[in-house]
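Enquirer: Here it is: the structure, laid out below.
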Amino acid sequence: MTTYRLTQYAHGGGCACKIPPGELEDTVKGLIGTPVDSDHELLVGLDDGDDAAVVRTPAGAVVATADFFTPVVDDPYDWGRIAATNALSDVYAMGGRPVVAVNLLGWPRDVLPFDLVREVLRGGLDVGRAAGCHVAGGHSVDDPEPKYGMAVTGLIDPDRILRNDAGAPGVPLTLTKPLGIGVLNSRHKQTGDVFPQAVEAMTTLNDKASEAALEAGATAATDVTGFGLLGHLHKLARASGVTAEIEASAVPYLDGARDALRDGYVSGGTRRNLDWVRPHLESGLSEDELLLLADAQTSGGLLVAGELPGYPVVGRLVPAEAGVTVRVR
C-alpha cells in the first residue's frame with residue numbers, strides 16, 4: 001500500500017502559506033465595501049482586518065468567513081480536522097456560533113487518490129459534528145496542489161461582537177493556546193516526525209474560549225493564526241489605538257517548539273511576520289525569541305483583551321505610544 005506524505009505536494013503548509021500581511025494590506029487598500037440600498041447592515045467588514053464579516057439582518061445578525069490552506073500534516077484525516085477547526089475559529093474569534101459550513105477543496109486528481117479526499121472530508125465532517133455545525137456540500141476544483149478548508153456562517157449577538165478595534169488601555173491580554181505550532185509543523189514537513197501535541201492543539205475548538213471571553217465581558221479579540229502572535233497583536237493594537245505590552249516569560253509554548261527553533265525549522269512566513277511588525281516593535285529580546293512570538297500558527301488560540309479564568313495572561317494594553325504598537329519585555 002502506497003504511503004503519501006501530503007505535505008510534500010505543496011510549496012507551503014497551513015497558515016504559514018498566507019500572503020504576507022503587508023502585501024495583503026497594500027492589495028486590498030481602498031477596497032472597503034460601499035453602502036448598498038439594503039435592509040442588511042454591515043457591522044464588521046474589511047476596515048480593521050477582523051477575522052470574519054458581520055451583517056445585521058431584520059431576523060438577527062450573521063457572521064461569515066472562509067479559510068483554506070495546503071496540507072500542514074501528512075495524515076489526511078488530521079489535516080481535514082485541522083483545516084475545519086481553523087475555519088470555525090474565525091467565527092468563535094468574533095464571539096459567534098457556527099451553524100453551517102460548506103467544504104472548499106482543491107485536489108490534484110491525477111496525482112493523489114480520492115481515498116485520501118474521503119479522509120480529509122471525513123475529518124472536516126467530524127469537527128463540524130463536534131461543534132454542532134452542519135457541514136453541507138461545498139465546491140471542488142482540479143488543482144496542482146491539495147487545498148482544503150471551509151466557508152462558515154454563524155449567528156452572533158450584534159451587541160456582543162469581539163472586534164479588533166475595541167481594545168482599551170489597562171485591559172489584560174489572555175492567550176488561550178500555546179505557541180510553537182509553526183516550527184513544529186515545519187519540522188514535520190521536512191523530516192516526517194509527528195508531533196501529537198501540535199495536532200491536539202490545532203484540533204481543539206475555540207468554542208469554550210469564545211464563551212469564556214463573552215462571559216468575562218470582553219469586547220476585543222482575534223485568533224492567532226498565520227500572522228503570528230506579534231502580527232495579530234499589532235493589528236489589534238493599531239485598530240484600537242493602543243500599545244500592547246507582552247511579558248515574554250508568560251507566553252506558553254508547546255513541548256519541542258524551542259528545539260525546533262534551535263534546529264532551524266522556521267518558515268518564511270514567520271520571518272515575514274517579524275519583518276512586518278518590526279518597525280512598530282520595541283523589544284530587547286533576542287531574534288530567536290522574537291521569531292517564536294512571530295511564529296506562523298495554524299488553528300491557534302484566541303488572543304483576548306480581558307482576563308479569562310483558566311488561561312494565561314501574557315500582557316496588557318496601555319495608552320498608545322507614538323510609533324509603537326507592540327512592546328515585548
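The values are calculated or read from the model by the stated rules, or taken from the named source; none is laboratory data. Here the structure is a predicted model, which means the values were calculated and not measured. Using ideal geometry, Cβ is built from the backbone for each residue, glycine included, and neighbour counts are taken over all protein chains shown.
Enquirer: Going through the stretch 286-305 one residue at a time, which ones are touching a Leu at 6+ places or on another chain (Cβ under 8 Å), outside any strand (DSSP E or B) and in contact (Cβ under 8 Å) with a residue 60 or more places away in the chain?
Expert: Leu290, Leu292, Leu293, Ala294, Asp295, Gln297, Gly300, Gly301
Enquirer: When the residues of the stretch 262-298 are filtered to those that are small (Gly, Ala, Ser) and in contact with a helix residue (DSSP H, G or I) (Cβ under 6 Å, 6 or more places away or on another chain), which remaining residue is nearest to Ile246 (Cα to Cα)? Full working, then the answer.
Expert: Keep residues of the stretch 262-298 that are small (Gly, Ala, Ser), which gives 264, 267-269, 283-284, 286, 294, 296.
This time we only want the ones that are in contact with a helix residue (DSSP H, G or I) (Cβ under 6 Å, 6 or more places away or on another chain), so: 267, 269, 294, 296.
On the way: Ser267: 23, Gly269: 21, Ala294: 12, Ala296: 17 Å.
For the stretch 262-298, the residue satisfying everything is Ala294.
Enquirer: Residues of the stretch 49-92 being surrounded by 16 or more Cβ atoms within 10 Å (Cβ to Cβ) and modelled with pLDDT under 80, which ones?
Expert: Across the stretch 49-92, the qualifying residues are Gly49, Asp50, Asp51, Ala52.
Enquirer: Something else now. For the stretch 104-134, which positions are part of a strand (DSSP E or B) and within 18 Å of the chain's Cα centre (by Cα)? Write out each step before concluding.
Expert: Pass one, the stretch 104-134, residues part of a strand (DSSP E or B): 104-107, 134.
Within the stretch 104-134, Leu104 is the sole residue that qualifies.
Enquirer: Hey, can you tell me all the residues within the stretch 91-113 that are within 22 Å of Asp143 (Cβ to Cβ) and either out of contact with any His (no Cβ under 8 Å at 6 or more places or on another chain) or without any contact (Cβ under 8 Å) to a residue 40 or more places away in the chain (or both)? Don't jump to the end; show me each part of the working.
Expert: Kept after step one, since they are within 22 Å of Asp143 (Cβ to Cβ), are these residues of the stretch 91-113: 101-113.
Selection gives Gly106, Trp107, Pro108, Arg109, Asp110, Val111, Leu112, Pro113.
Enquirer: Any idea how many residues of the stretch 257-272 are closer than 20 Å to Asn86 by Cβ and either at pLDDT below 95 or not small (Gly, Ala, Ser) (or both)?
Expert: Of the residues in the stretch 257-272, 5 are closer than 20 Å to Asn86 by Cβ and either at pLDDT below 95 or not small (Gly, Ala, Ser) (or both).
Enquirer: Could you tell me how many of the residues in the stretch 273-285 are at pLDDT 95 or above and either among the basic types (Lys, Arg) or outside any helix (DSSP H, G or I) (or both)?
Expert: The number of residues fulfilling the criteria is 5.
Enquirer: Is it the case that the stretch 142-154 has a residue that's of a type outside the set (Asp, Glu) and free of Cβ contacts under 8 Å to residues at least 40 places away in the same chain?
Expert: Within the stretch 142-154, the subset of a type outside the set (Asp, Glu) is 144, 146-154.
Now narrow it down to the ones that are free of Cβ contacts under 8 Å to residues at least 40 places away in the same chain: 144.
Yes, there is a match, as at least one residue in the stretch 142-154 is of a type outside the set (Asp, Glu) and free of Cβ contacts under 8 Å to residues at least 40 places away in the same chain.
Enquirer: Still on this structure, please answer the following. How do the helices (runs of 4 or more DSSP H) wholly within the stretch 189-266 filter down when requiring 3 or more residues that are closer than 30 Å to Asp126 by Cβ: which remain?
Expert: Details: elements: 196-202, 207-215, 228-240, 257-262.
Counting at least 3 such residues, we get 196-202, 207-215, 228-240.
Enquirer: Criterion first (buried (at least 19 other Cβ atoms within 10 Å of the Cβ), among the hydrophobic types (A, V, I, L, M, F, W, C) and more than 23 Å from Gln297 (Cα to Cα)) does Ile181 satisfy it?
Expert: On the way: buried (at least 19 other Cβ atoms within 10 Å of the Cβ): yes; among the hydrophobic types (A, V, I, L, M, F, W, C): yes; more than 23 Å from Gln297 (Cα to Cα): no.
It is false that Ile181 is buried (at least 19 other Cβ atoms within 10 Å of the Cβ), among the hydrophobic types (A, V, I, L, M, F, W, C) and more than 23 Å from Gln297 (Cα to Cα).
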